[in-house]
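What follows is calculated from the coordinates using simple rules that are stated; it is not laboratory data. All figures in this text were calculated on a predicted structure; none of them were measured in a lab. Neighbour counts run over all protein chains shown; Cβ positions are idealised from the backbone, glycine included.
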């Protein structure tokens, strides 16, 4: 998952309109690999950033569980993250609904979807992205100050 990624994404606006973006992600290890930081940016057709999010993924050896702390659209939350052999998923409680994100990362591609799950209804897809890995990154570990 580490590296620089670029591709396209779409999301449904509150009006129901499909909004297409150029999406970038950068992911890198921190604290000797104990934490992975992921920053996502979505750009409108005019190049303006219209979406920016930060995720901090960590593993707690005391509980044998992964979590993601997510910052997006003025919201913050801690959520259980479930790793898979080819990616990961996490869920966000949203009243009577659940927001489920699932990412598959393989063969240099990162595909992620977001679905709104309401009991008794079919999942409603509101987000999809497909990115290609374009290179390595030394973010966020570079630039740390030394002792002098």
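Please give the contour-minus-distance gain from residue 106 to residue 31: 0.36 nm per residue of separation, less the Cα-Cα distance, rounded to one decimal in nm.
Working: separation 75, 0.36 × 75 = 27.00 nm, distance 2.49 nm.
Result for the pair: 24.5 nm of gain on full extension.
Computed from these coordinates, which is Cα extents along the principal axes in Å: (1) 47, 43, 27; (2) 56, 43, 32; (3) 53, 46, 24?
(2)
What does the highest-first list of 106-114, 60-68 look like by mean Cβ count within 10 Å? Present the calculation step by step, with values, prior to reporting the outcome.
Working: 106-114: 15.3, 60-68: 11.3.
Averaged packing, sorted descending, gives the order 106-114, 60-68.
So, R0 is 41 Å and r is the distance between the beta-carbons of residue 92 and residue 46; what FRET efficiency does that work out to, to 0.05?
Working: r = 30 Å, r/R0 = 0.72.
The pair residue 92/residue 46 has a calculated efficiency of 0.85.
Report relative contact order for the range 3-132 in percent, whole number only (criteria: Cα-Cα under 8 Å, sequence separation at least 6). Intermediate values should be presented prior to the final figure.
Values: 295 pairs, mean separation 23.8, N = 130.
Once normalised by length, the contact order is 18 percent.
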